[in-house]
Amino acid sequence: MKDHMQGVYLTGHGGPEKLEFRTDIPVPSPGPGQVLVRVKAAGINNTDINTRVGWYSSEVTGGTDAVDQEVEAGGWGGALHFPRIQGADLCGVVETLGAGVSSFKVGSRVTCPVNLPRVRPGAPMGFIVIGSEIDGAFAQYCVVDADDLYDVTASPLTDVEVAAIPCAFGTAEGLLTRAGVTAGQEVLITGASGGVGLAAVELAALRGARVTALTSAAKAKAVHGQGAAVTLDRKARLPKDQFDVVIDVVGGSGWGDLILALKSGGHYAVAGAIAGPMVQADLRDIYLRDITIHGCTYQSPEIFGRLVALVNAGRIKPLVSKTYPLQDIAKAQEEFQSKSLPGKLVLIPE
């Protein structure tokens, strides 16, 4: 194995000029309890772009594509250490085992959740995020604690498809679990053609729910293909008092209408705000109608373990629209932000 690798350094918060493709990054060494993973594919996510631009800073009040200010503490847990190798979505194979690791074999195919919830130093939110607090998958190799890895050798999914799972499907499964989605319920999903939204459509349909999805007309066919019973245009007037659950990754000015679309006693679960984090609604529409609101970032190992079981059984299949070589990361993120393609975009290291 070589001493150096290709990878992408994030050198600071800002635009794509902060992404520096390098061929001389030292290959990391696994410590006790850790595994060196050779990256086969790495998905692109809003979280990577949010981190790059510093969107998680409380100073930022607009959507991801509206950040035009300099921030110092723009990571999930505050200030990041630069340079940082991002990449929250990992599919790879075990290359080297650190001391004391017996749970994996060299050559096993593995993945891991985006947020790593086990107690450890430097975890200001109770967990750390791969590609934010620790280096991630936008490189040929990365180091992950063995306890955070899951074996997906048995899965019929391709490496590219597995790399589309952790962030999108992990977040979606967390949302559905927190909201208690069950068979027969009416579920409204926003941002339904994106990674998390489309995963939520597929997973909610798998639970037996009837899904109404907000998307554009151009992507409605793809969303129906993942299990939506009904699609509505993103700007459509929403029906009132119809849904048991709203799954939201958009936020923005339409937030109050999402609350009104719920039945009394309904559940609203949120894990994103691509249209903007500052929202407005009438509190009476929430407390007089017994609406429960769930903020969903933390995912327990049980949630991700359940998802991996579906992956290994071939019961879910993500939609991947396009792949790119790792050195084209800026182009890939630009196309991701254009929202012209449904589902996931994935990077492939050399």
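If I model a spin label at Phe82 and Glu70 as a point 7 Å from the Cα along the Cα→Cβ vector, what separation in nanometres do I get?
1.0 nm
If you wrap a convex hull around the C-alpha atoms of the range 225-350 and split its volume per residue, what is the figure in Å³?
Working: hull volume 20.2 nm³, N = 126.
So the per-residue hull volume is 160 Å³.
Which whole number in µm²/s is D for the chain by Stokes-Einstein, with the Kirkwood Rh taken over Cα pairs at 4 °C and 1.567 mPa s?
Details: Rh = 20.4 Å.
The Stokes-Einstein estimate is 64 µm²/s.
Assuming R0 = 30 Å, can you tell me the calculated FRET efficiency for the pair Gln242 and Met278, based on Cβ-Cβ distance, to the nearest 0.05?
0.70
Which angle between 0 and 90 degrees, to the nearest 10, do you get for helix 329-338 versus the longest principal axis of the chain when only C-alpha atoms count?
Taking the Cα atoms of the chain, the angle to 329-338 is about 0 degrees.
Among the aspartates and glutamates, which have Cα under 17 Å from the Cα of Lys105 when same-chain residues fewer than 8 positions away are ignored?
Of all the aspartates and glutamates, those that pass the test against Lys105 - Cα under 17 Å, at least 8 places apart if same chain - are Glu95, Asp145, Asp147, Asp148, Asp151.
If packing is taken as the average count of other Cβ atoms within 10 Å, what order do 178-185, 24-31, 136-143 fall into, highest mean first?
Ranking the peptides 178-185, 24-31, 136-143 by packing returns 136-143, 178-185, 24-31.
Using a 1.4 Å probe on the protein heavy atoms, what percent of the accessible area of the chain belongs to carbon and sulfur?
Roughly 51 percent of what the probe reaches on the chain is carbon or sulfur.
Can you tell me the orientation of helix 195-206 relative to the chain, as the angle in degrees between its alpha-carbon axis and the longest Cα principal axis, to the nearest 10?
Rounded to the nearest ten degrees, it is 70.
What does the accessible area per residue of the range 4-53 come to in Å², with a 1.4 Å probe and no ligands, DNA or RNA counted?
Each residue of the range 4-53 exposes 36 Å² on average to a 1.4 Å probe.
Do any of Lys235/Lys331; Lys240/Lys331; Lys235/Lys322; Lys235/Lys344; Lys40/Lys331; Lys240/Lys339 go past 30 Å between their Cα atoms, and which?
Among Lys235/Lys331; Lys240/Lys331; Lys235/Lys322; Lys235/Lys344; Lys40/Lys331; Lys240/Lys339, the Cα-Cα distance tops 30 Å for Lys240/Lys331.
Before I look further, what does the range 254-350 give for accessible area per residue, probe 1.4 Å, in whole square angstrom?
Values: 4660 Å² over 97 residues.
Using a 1.4 Å probe on heavy atoms only, each residue of the range 254-350 averages 48 Å².
At a 1.4 Å probe radius, which order do Met278, Met5 fall into by accessible area, largest first?
Result, largest first: Met278, Met5.
What length, rounded to one decimal in nm, is gained on full extension from Glu17 through to Thr153, with 0.36 nm per residue of separation minus their alpha-carbon distance? Mind showing how you got there, number by number?
Values: separation 136, 0.36 × 136 = 48.96 nm, distance 3.63 nm.
So the chain would gain 45.3 nm between Glu17 and Thr153.
Tell me what the chain gives for mean residue ellipticity at 222 nm when only DSSP H runs of n ≥ 4 count, each as -39,500 (n - 2.57), the sum divided by the residue total, rounded to 500 deg cm²/dmol.
Helix contribution divided over all residues of the chain: -6500 deg cm²/dmol.
Want the number for Arg289 to Asp328: 0.36 nm per residue separation, take away the alpha-carbon distance, what's left?
Gain in length upon complete extension: 9.2 nm.
For the chain, what does the relative contact order come out to in percent, with C-alpha contacts under 8 Å and a separation of six or more? Each step should come with its number before you reach the end.
Working: 869 pairs, mean separation 63.7, N = 350.
Answer for the chain is 18 percent.
Could you do me a favour and compute the accessible area per residue for the range 78-186, 1.4 Å probe, result in Å²?
34 Å²
From zero outward in steps of 10 Å, how is the percent of C-alpha pairs of the range 86-191 spread across the bins?
Per 10 Å bin, starting at 0, the Cα pair percentages come out as 13, 40, 33, 12, 2.
Over the range 101-217, calculate the relative contact order: mean separation of alpha carbon pairs under 8 Å at least 6 apart, over the residue count, as a percent.
Contact order relative to length: 22 percent.
The values are calculated or read from the model by the stated rules, or taken from the named source; none is laboratory data. Computed from a predicted model, the values in this text were never measured in an experiment. Note: ideal-geometry Cβ built from the backbone for every residue, glycine included; neighbour counts use all protein chains shown. For accessibility, only protein heavy atoms count, side chains too; no ligands or nucleic acids. Shrake-Rupley method; radii C 1.70, N 1.55, O 1.52, S 1.80 Å.
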